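Engineer: Following this message is one structure expressed as structure tokens.
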Amino acid sequence: MHSQTASLGAQRMVAALGLVLLIGGWAWVAHGLPEYVLPGPLAVLKATARFLYEPELMAHAGISLLRVVLSVVLAMTIAILVAALVRRFPILDEAVERRILTFLNSFPSVGWAILGVIWFQISTPTVLFVQVAIILPFCLINALAGFRQIDPEMDELGHSLTRNAWRRFRLLSVPLVAPFLIAGLRVAYGICWKIALVAELFGARSGLGFQLSRSQTTSDATMVFACCLIIVLIYTVTDWLVLRVLSQRFTAGQARG
């Protein structure tokens, strides 16, 4: 136990030292350069702090967060329904696994963005469509894997306890595949933030992507860095406070089971 604690402390020290060196190198390279080319760490930190007290910037960040959360929920819901359908009707497995997933995985992200603008114009539905289309295969892969690992004997047990299909699905199937779903959720959430700016650049008049577009127009490199940094901060906080907690809860529950 003592050696593990010492090792963890050493790892954290190395990580902290690496961060200090990175910021120091950044400040050294930025020194003497104009801020529209490469702003220094202090200028970026000040710009990022504006998201905490300027209503307009707070609204853009909140809108982007809401769109990401809605997109992840929609994509995971669709993935669960499709995976459950494949489990109920195995004849669909080839079509979903070899055709639909292949198509979704290989279709270019920019293609979805352009199609979204053509079909839905500049609007929130455009952003949601683009984000859901891109993260859906990641959710679907994990959902399919989760439903495949359900023991047939558990299905028999569920049938012996209740004839209500919805109750069996909600109380038996979902808890069994929850670790796979949470893993897919974490991957999809991270990827969704990566593409959020692109989706909003193409199809929105609000959000961090829109703010990024405005910053590009005015050559405000400091705000560009700030928008990217605020995304990192939002992702880190939500991942630690929500997704990691859910992952630990369901993993521990399955281990006890």
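Engineer: Every residue in region 71-95 that is surrounded by fewer than 16 Cβ atoms within 10 Å (Cβ to Cβ) and either under 22 Å from Leu197 (Cβ atoms) or in contact with a helix residue (DSSP H, G or I) (Cβ under 8 Å, 6 or more places away or on another chain) (or both), please. It would help to see each step written out before you state the result.
Structural biologist: Of all residues in region 71-95, those surrounded by fewer than 16 Cβ atoms within 10 Å (Cβ to Cβ) come to 73, 77-78, 81, 85, 88-95.
The answer is Val73, Ile78, Leu85, Leu92, Asp93.
Residue-wise test of (1) at pLDDT 85 or above; (2) in contact with a strand residue (DSSP E or B) (Cβ under 8 Å, 6 or more places away or on another chain); (3) surrounded by fewer than 15 Cβ atoms within 10 Å (Cβ to Cβ).
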{"site": "Leu161", "(1), (2), (3)": "no, no, yes"}
{"site": "Leu176", "(1), (2), (3)": "no, no, no"}
{"site": "Arg205", "(1), (2), (3)": "no, no, yes"}
{"site": "Gly209", "(1), (2), (3)": "yes, no, no"}
{"site": "Cys227", "(1), (2), (3)": "yes, no, no"}
{"site": "Thr238", "(1), (2), (3)": "yes, no, no"}
{"site": "Leu241", "(1), (2), (3)": "yes, no, yes"}
{"site": "Ser247", "(1), (2), (3)": "no, no, no"}
{"site": "Thr251", "(1), (2), (3)": "no, no, yes"}
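Engineer: Return yes or no: is Leu45 at pLDDT 90 or above and under 30 Å from Ser123 (Cβ atoms)? Full working, then the answer.
Structural biologist: On the way: at pLDDT 90 or above: yes; under 30 Å from Ser123 (Cβ atoms): no.
Against the criterion (at pLDDT 90 or above and under 30 Å from Ser123 (Cβ atoms)), Leu45 does not qualify.
Engineer: Please find, within region 27-49, the residue that is nearest to the chain's Cα centre (by Cα) out of those that are over 23 Å from Thr217 (Cβ atoms) and not in a helix (DSSP H, G or I).
Structural biologist: Result: His31.
Engineer: Can you report the number of residues in region 80-111 which are under 20 Å from Ala188 (Cβ atoms) and assigned to a helix (DSSP H, G or I)?
Structural biologist: Taking region 80-111 first, the residues under 20 Å from Ala188 (Cβ atoms) are 80-86, 96-97, 100-111.
Subsequent filtering for residues that are assigned to a helix (DSSP H, G or I) retains 80-86, 96-97, 100-106, 109-111.
The total comes to 19.
Residue by residue, here is whether (1) modelled with pLDDT under 90; (2) of a type in the set (Asp, Glu); (3) under 23 Å from the mean Cα position of the chain (by Cα) holds:
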{"position": "Ala16", "(1), (2), (3)": "yes, no, no"}
{"position": "Gly25", "(1), (2), (3)": "yes, no, no"}
{"position": "Phe51", "(1), (2), (3)": "no, no, yes"}
{"position": "Glu56", "(1), (2), (3)": "no, yes, no"}
{"position": "Ala61", "(1), (2), (3)": "no, no, yes"}
{"position": "Ser64", "(1), (2), (3)": "no, no, yes"}
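The values are calculated or read from the model by the stated rules, or taken from the named source; none is laboratory data. Quick caveat, the model's predicted, so the values are computed rather than measured. Here Cβ is always computed from backbone atoms with ideal geometry, including for glycine, and neighbour counts include all displayed protein chains.
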